[in-house]
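Input: a single structure, listed below in structure tokens.
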Amino acid sequence: MMTIKRVWVDDNAVYAETEDGKMASYLFSQWPTLNNATQSQREDFFLSYSGIHWPQLDEDLSFEGMFSQANLCGHTVAEDSVVYLSDK
């Protein structure tokens with residue numbers, strides 16, 4: 001299992017980095033809601049156990065999908081191979 005250390009956004013994408021230094025991203029252009037959002041809306045997110053949630057946009061993206069797309073992990077039935085553990 002990979003554990004997320006940090007998540008950030010820029011003008012084009014959202015990025016995540018694991019504790020062991022692996023990084024993956026999603027381009028906002030892949031997701032119409034995020035692509036059409038303001039930068040302020042994109043920056044207003046919170047992390048859950050398995051992904052990123054943008055409350056103003058009602059959009060959710062999974063860490064596992066992000067890292068799987070980057071060929072850094074495979075999909076699991078529980079979708080929990082890449083997680084954010086807030087109580088570390």
Mind checking which of 76, 24, 49 is farthest towards the positive end of the chain's charge dipole, using Cβ charges of +1 (Lys, Arg) and -1 (Asp, Glu) about the Cα centre? 24
For residue 6, tell me the accessible area in Å² from a 1.4 Å probe, rounded to the nearest 10. 110
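For the chain, divide the Cα radius of gyration by the Kirkwood radius and give the resulting Rg/Rh value with two decimals.
On the way: Rg = 12.3 Å, Rh = 13.0 Å.
We get a ratio of 0.94 for the chain.
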Under the rule of at least 5 residues apart or a separate chain, name every residue whose amide H is placed under 5 Å from the amide H of residue 2. 82, 83
Which residues qualify? For residue 13, with a placed amide H closer than 5 Å and at least 5 residues away or on another chain, they are 28
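Based on Cβ point charges of +1 for Lys and Arg and -1 for Asp and Glu, what charge dipole magnitude is obtained for the chain about its Cα centre, in debye rounded to the nearest 20?
In total the dipole reaches around 180 debye.
The values are calculated or read from the model by the stated rules, or taken from the named source; none is laboratory data. Model, not experiment: these values are computed from the prediction. Because the Cβ atoms are built from the backbone with ideal geometry, glycine has one as well, and the counts that use them run over all protein chains shown. Keep in mind that these areas ignore ligands, DNA and RNA; they rest on the heavy atoms of the full protein, side chains included. Shrake-Rupley method; radii C 1.70, N 1.55, O 1.52, S 1.80 Å.
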